[in-house]
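Okay, structure first, notes after.
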Protein chains: 2
Amino acid sequence: ADQAAMRAASERQAALTKPAGSLGVLEELSVRVAGMTGTCPPAIPAPAVVTVFAADHGVHAQNVSPWPQAVTAAMLANFAAGGAAVNAFAKNNGVDVRVVDVGVATPVDQLDIIHANVRPGTRDLSQTQALTEDEVAAAIAVGADLADSLVRDGYRCLLTGDMGIANTTASAALIATFTGATAAVVTGRGTGIDDATLAHKTAVVETALVRHAVPPTEPLKALQAYGGLEHAALAGYILGAAANHVPVILDGVIAGAAALVAQALHPAAIDYCVAGHRSAEPGHAVALKTLGLQPLVDLDLRLGEGTGAVLAYPILSCAVRALAEMATFEDAGITS
Amino acid sequence: ADQAAMRAASERQAALTKPAGSLGVLEELSVRVAGMTGTCPPAIPAPAVVTVFAADHGVHAQNVSPWPQAVTAAMLANFAAGGAAVNAFAKNNGVDVRVVDVGVATPVDQLDIIHANVRPGTRDLSQTQALTEDEVAAAIAVGADLADSLVRDGYRCLLTGDMGIANTTASAALIATFTGATAAVVTGRGTGIDDATLAHKTAVVETALVRHAVPPTEPLKALQAYGGLEHAALAGYILGAAANHVPVILDGVIAGAAALVAQALHPAAIDYCVAGHRSAEPGHAVALKTLGLQPLVDLDLRLGEGTGAVLAYPILSCAVRALAEMATFEDAGITS
């Protein structure tokens, strides 16, 4: 992040027609965006796009979710038709939607989405390595290349989205790896499982953590151990946004797990991340703490798809717009 | 609120393509809007307008604020020129802005705003009644008539805004009256006063509460005792929105105090209120509790002007849009 731009932004905040500090969290947020973009005032972070990275998980075979794996593909059709929550939110907030098949198990060739399937779902993380080294690299490249391409197309704010039945299981394993929290702390109900399934899911995560025992200094090995393909792609997307000096708004627990991977690879990448919201999934708060990010919205959402990121986008945009467009006391002829 | 529309909305929420409850607070919010408008799915609450009611306060003479009273009028010029935070947020979120002089002390005849000055500021609430019975009625009518007029003009969501140096002092007295909290609990730093000024401001509020001793069952007498003209107008605006079955998004502590007046006059009016945010001003959380409202945004803002309401508007709109526009599982051909 550009320290000179951040200093200039802090000084400008102090001169705007409002009591010092009265825009609360939004003031610091605007200063961070100045640091990301290297300009003060920063340009409005528009246009914005949310990319929904979709993939399946071999651990689904362990009955960690009540939903059939085919729902991942069915929801991709729903995204493509504009019928999902992320579509409604994105339309409302002026955010474009891209959908990427980076590893869905069911063929979705007929859909008008971005086809970048690395393999049809990960292997079962509770039994074996979820991905090979090459598969991890390929999935990271899908996200990083797409971030480059979106910025070339003119997007100035990238939002994360995700879809994949059983993806909270892989997220829990990744979050435990990078935060040191136990499986019991970071494993949650995902889409809404009962107590017995939660206990089973937690045991699956715990067993996998013992089996693979990846240290937090080995992010690529963690992706090999646990997946998922969308986590790898999201990590690449975050790194790509950061490399392009463009803010990236993180959605929920899946994005939080991916951001921990990105942080382990390049700590400075987190300077470009904004936490859109805090998910109801317990691992997310743990991830945000290690990332050092404060969520903008906290409304008990636990849907994924990018809904929390899209919901937060106008807040980021308002923060930047206030810094860029408000009059100073001098402009307004006000002296206190 | 329309119970049949709310039941229909709850049923529709359960059929949409997402795990039950996964949109958290937004699901209940969408059901509330269905109840307000009497339709399911409710129409998108657009277009939206934020009305900034501005007035001055005689208690300013007691040195409860570091800002000169003339800043109220200067900020009206800033609103009219589009240079304030509320203008930046409103532009970002597609919300129109109206500015109303309902009782500014300094003449603002030259500004292109709504002129409805009932009197040039209240009398000093620490010394005497702030307003007469007729003045309260006139200010309430300004807000109620404007709400009617805005709905006639096609607005389908009304947001509250406010401006007035020393208005957190009157707000504290009103909030103490209706919640039973002490002056020490509800009096805050407003635009950012030091410890000594805070202690003095708290004593001023306490003395006024003892002097006037208005019971919570007498909202019109409370407005006479403490003002302000913008609080009365805001109460009328809230009642007007409710009478027109249109949602009203409340901003911060000033709106919270006015909503307590509206609640005391017509409890059902609060069915039409959405708490935009929780202000850093301590009385606001106390007011929200008595109103029974949960804020959508909590980002340490303490500016007023309507900024918190405008920041929350896209969240309300997303909640309604999801209910109105998402596919059902049946539409999408998904069975669990």
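A few notes on this one:
- Across peptide B:324-334, the average count of Cβ atoms from other chains found within 10 Å of a residue's Cβ is 5.
- Modelled spin-label separation between A:Asp331 and A:Asp271, with each label point placed 7 Å from Cα along the Cα-to-Cβ direction: 2.7 nm.
- Inter-copy spacing of B:Ala61 label points, which lie 7 Å from Cα along Cα→Cβ, given in nm from shortest upward: 8.3
- Measuring from the axis that maps chain A onto chain B, the chain A residue with the nearest beta carbon and its rounded distance in angstrom come out as A:Pro314, 2.
- From least to most packed, judged by other beta carbons within 10 angstrom and beginning with the fewest, B:Tyr313, A:Tyr237 follow the order B:Tyr313, A:Tyr237.
- Mean ellipticity per residue at 222 nm, deg cm²/dmol - from DSSP H runs of n ≥ 4 across the protein assembly as shown, formula -39500 (n - 2.57): -16000 deg cm²/dmol
- Ranked by how many other Cβ atoms sit within 10 Å of their own Cβ, fewest first, the residues B:His212, B:His57, B:His266, B:His231 fall in the order B:His266, B:His212, B:His57, B:His231.
- Helix B:307-325 axis versus longest C-alpha principal axis of chain B: approximately 20°, rounded to the nearest ten.
- Over chain A, relative contact order from alpha-carbon pairs under 8 Å, at least 6 apart, %: 24 percent
- Placing a label point 7 Å from Cα along the Cα-to-Cβ axis, A:Glu218 is separated from the same position in the other copies by 7.6 nm, shortest listed first.
- Principal semi-axes of the equivalent ellipsoid, √(5λ) from the alpha carbon gyration tensor of the protein assembly as shown, are 47, 26, 21 Å from largest down.
- Cα-based shape type of segment A:48-317, given that a ≥ b ≥ c are square roots of the gyration tensor eigenvalues and the cut on a/c is 1.5: rounded
- Remark: mean inter-chain Cβ contacts per residue of A:306-315 equal 4, using a 10 Å Cβ-Cβ cutoff to other protein chain atoms.
- Counting only DSSP beta bridges with both residues in chain A, the antiparallel share comes to about 5 percent.
- Shortest-first nm distances, A:Thr328 label point to equivalent points in other copies (7 Å, Cα→Cβ): 5.8
- Solvent-free Debye scattering, log10 I(q)/I(0), computed from the Cα coordinates of segment B:146-295 at q = 0.10, 0.17, 0.19, 0.21 Å⁻¹: -0.31, -0.86, -1.06, -1.27
- Peptide packing for A:120-130, B:186-196 was compared via the average number of neighbouring C-beta atoms within 10 Å per residue; ordered from the highest value, the list is A:120-130, B:186-196.
- Residues in segment A:121-153 reached by a label modelled at A:Thr217 [backbone nitrogen below 15 Å; 7 Å Cα→Cβ]: none
- As a calculated quantity, the FRET efficiency between A:Asp153 and A:Ser10 at R0 = 41 Å, using C-beta atoms, amounts to about 0.80.
- Unsatisfied cross-links (Cα-Cα over 31 Å) in the set A:Lys91/B:Lys289; A:Lys201/A:Lys289; A:Lys221/B:Lys18; A:Lys289/B:Lys91; A:Lys289/B:Lys18: A:Lys91/B:Lys289; A:Lys221/B:Lys18; A:Lys289/B:Lys91
- Crossing angle, helix A:282-291 versus chain A [Cα axis fit, 0-90 degrees, rounded to tens]: 50 degrees
- Packing around the peptides B:23-33, B:300-310, taken as the average count of other Cβ atoms within 10 Å per residue, puts them in this order, highest first: B:300-310, B:23-33.
- Extreme residue, positive dipole direction of segment A:48-317, given options A:Gly143, A:Asn63, A:Ile175 (C-beta unit charges): A:Ile175
- FRET efficiency, B:Ala137 to B:Lys289 (Cβ-Cβ, R0 30 Å, nearest 0.05): 0.55
- Taking amide H as placed 1.01 Å from N in the peptide plane, the amide H of A:Val50 sits under 5 Å from that of A:Asp96, A:Val97, A:Arg98, A:Leu159, each at least 5 places away or on another chain.
- Angle in degrees between helix B:229-243 and the longest Cα principal axis of chain B, rounded to the nearest 10: 20 degrees
- Average partner coverage of A:74-84, which counts Cβ from other chains inside 10 Å: 4
- Added length on full extension, which subtracts the Cα-Cα distance from 0.36 nm per residue, B:Ala70 to B:Ala243: 58.8 nm
A short reminder: the numbers here are calculations on the coordinates, not readings from a lab. Given the structure is predicted, the values throughout are model-derived calculations rather than measurements. Positions of Cβ are backbone-derived with ideal geometry, glycine not excepted, and every protein chain shown enters the neighbour counts.
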